[in-house]
Structure formats: C-alpha cells, structure tokens
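This report refers to the structure that appears directly beneath it.
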Amino acid sequence: MLERIRSWRERYVQYGRDALGLSLFRYYSQIYSSLLTLKNTLNSEEIGFMQVVANMFLEQLDMHYNENEWFASMDQALHGVIAAEAAWTSPGSNSIWQIVNHLIFWNEDVIHRIKGTENPHKPETNEETFGEPWDPEDEIGWTQTVQRLNEVMNKLKTVIADLDDEKLKAPYAANRYSIERLLSNVMMHDTYHLGQIVLLRKLQSSWGGVDWS
Ligand code: NI
C-alpha cells in the first residue's frame with residue numbers, strides 16, 4: 001500500500017512538473033517571439049536611420065531634376081528648347097547648350113568619383129567642359145545632348161540609391177572630402193546653372209514660366 005501511494009505521489013509530482021514545464025515553455029515561447037518581433041522592428045528602424053541622408057539626396061535629386069517644387073526643375077528649364085535657343089548666347093555668357101555640356105561633365109565626373117572609376121574625359125580646364133556654343137541648326141545634336149544629360153542624371157540616381165549614410169560619410173577616391181559633401185556640391189552646382197538657363201531663356205523671350213500643375 002505504501003509502495004502504491006509512493007508511486008501515485010511520484011506520478012502526481014511528475015504530472016505537475018510536466019504541466020508546469022509545458023506552461024513555462026509556452027510562456028517563454030511567447031516572450032521569445034515578442035523579442036524576435038522587437039529585434040526585427042529595431043533592425044528595420046536602424047536601416048531606416050542609416051538611409052536618412054541617402055534618401056534626402058535622392059529627394060533633392062528628384063526636386064532639381066524633374067519635380068517643380070520651389071523652383072523650375074532641370075526638366076522644366078529645358079522643356080521645349082530648340083537648337084537655335086540652346087546655341088544662343090548673350091554677351092559674356094555661355095549658351096544653354098554649353099551649360100548642359102558642363103552639367104553632363106560634372107555629374108558624370110561625380111559618378112566616377114563615387115564609384116572610384118577613371119573618367120575618360122579629362123578637360124585641361126573647367127572652361128573646356130562647356131565646349132563651343134554649338135550649331136543652332138543641329139536639332140539632332142541638341143536632342144542627343146539633352147538625352148545624354150537625362151541618362152547621366154538617371155545614372156546618378158541609381159548610384160545614390162546604392163549608398164547608405166555610412167558610405168556617404170566616407171571619403172571618395174583618394175580625397176579627404178566625403179561623398180556627402182561631393183553630392184551636396186554637385187546638386188547646388190546644378191541648381192546654380194539651372195537658374196542661368198532660365199535667365200537665358202528670359203533674355204531670349206523663350207521662357208514660358210513653370211508648369212506648377
Ligand atoms: Ni559650373
């Protein structure tokens with residue numbers, strides 16, 4: 001009888017342990033899955049944080065490239081320009097065509113600097129990046145030049161999309177300046193020249209204003 005009681009008691013204790021074990025297991029699994037969710041959330045926030053500056057540059061590129069926000073975008077500034085208007089110069093100024101050449105060169109150069117590749121075009125001076133005023137009759141040449149600018153701007157966009165904030169802080173090529181600084185400069189430089197294009201169009205009476213719609 002005593003043996004039987006002992007065996008019941010042992011079974012009872014064992015059952016209690018199992019029940020307790022099962023509820024603890026469930027309890028810990030819940031905690032574990034909550035922690036896992038929290039970890040994933042923190043990771044995604046961390047990634048989001050790492051992209052803050054990179055995303056800002058992407059937005060800035062869109063704003064001056066093809067979105068009319070506070071000022072006429074590059075797309076708008078060049079909209080409807082024909083070869084004769086592109087080749088037109090005012091005394092002491094470059095033509096729109098020359099400015100576009102200059103923008104193609106510098107944006108392409110920035111892409112090379114970020115990627116650490118050699119730019120095959122190496123002008124001796126900044127003046128050379130503008131080239132000649134170009135032929136006012138050459139519609140095909142002008143269209144190709146605008147297409148080239150669009151290709152370069154879109155390429156720059158994909159290059160920026162591959163960056164994160166850490167890479168932006170890093171110096172480019174063998175330079176002591178960061179990619180972040182390089183991008184800030186090129187975008188300011190683009191907008192500076194966009195203003196010149198709009199002014200040239202105003203001077204030649206070919207500017208129809210910004211389409212804000
Ligand atoms: Ni310039």
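The values are calculated or read from the model by the stated rules, or taken from the named source; none is laboratory data. Values in this document were obtained by computation on a predicted structure and should not be read as measured data. All Cβ positions, even for glycine, are placed from backbone atoms using ideal geometry, and neighbour counts span all protein chains on display.
General observations
- Qualifying residue in the stretch 133-151 (condition: among the acidic types (Asp, Glu) and closer than 18 Å to Leu183 by Cβ): no
- Residue in the stretch 68-76 that is without any contact (Cβ under 8 Å) to a residue 12 or more places away in the chain, out of contact with any Leu (no Cβ under 6 Å at 6 or more places or on another chain), on the phi < 0 side of the Ramachandran plot and polar (S, T, N, Q) present: no
- For the stretch 87-105, filtered to residues that are of a type outside the set (S, T, N, Q) and surrounded by fewer than 17 Cβ atoms within 10 Å (Cβ to Cβ), the residue that is farthest from Ser178 (Cα to Cα) is Pro91.
- Pair list, Cβ < 6 Å and 6+ apart or interchain, from the stretch 118-135 residues that are within 13 Å of the ligand (Cβ to nearest atom) to residues that are outside any loop (DSSP other than H, G, I, E, B) and β-branched (Val, Ile, Thr): Pro123/Thr129
- The one condition from (1) surrounded by fewer than 16 Cβ atoms within 10 Å (Cβ to Cβ); (2) within 24 Å of Leu200 (Cβ to Cβ); (3) modelled with pLDDT of 90 or more that Ala77 does not meet is (1).
- Those residues of the stretch 74-98 which are out of contact with any helix residue (DSSP H, G or I) (no Cβ under 6 Å at 6 or more places or on another chain), polar (S, T, N, Q) and farther than 18 Å from Trp142 by Cα, in sequence order: Ser93
- In the stretch 162-213, the qualifying residues are those that are under 22 Å from Ala87 (Cα atoms) and among the basic types (Lys, Arg), and the one that is nearest to the ligand (Cβ to nearest atom) is Arg201.
- For the stretch 68-114, a residue qualifies if it is over 15 Å from Val198 (Cα atoms) and either in contact with an Asp or Glu (Cβ under 8 Å, 6 or more places away or on another chain) or within 14 Å of the ligand (Cβ to nearest atom) (or both), and the qualifying residues are Ala83, Ala84, Asn101, His102, Ile104, Phe105, Trp106, Asn107, Glu108, Asp109, Val110, His112.
- Enumeration of residues in the stretch 131-158 that are closer than 12 Å to Asn101 by Cβ and either loosely packed, with under 13 Cβ neighbours inside 10 Å or modelled with pLDDT of 95 or more (or both): Glu132, Gly141, Trp142, Gln144, Thr145, Val146, Arg148, Leu149, Val152
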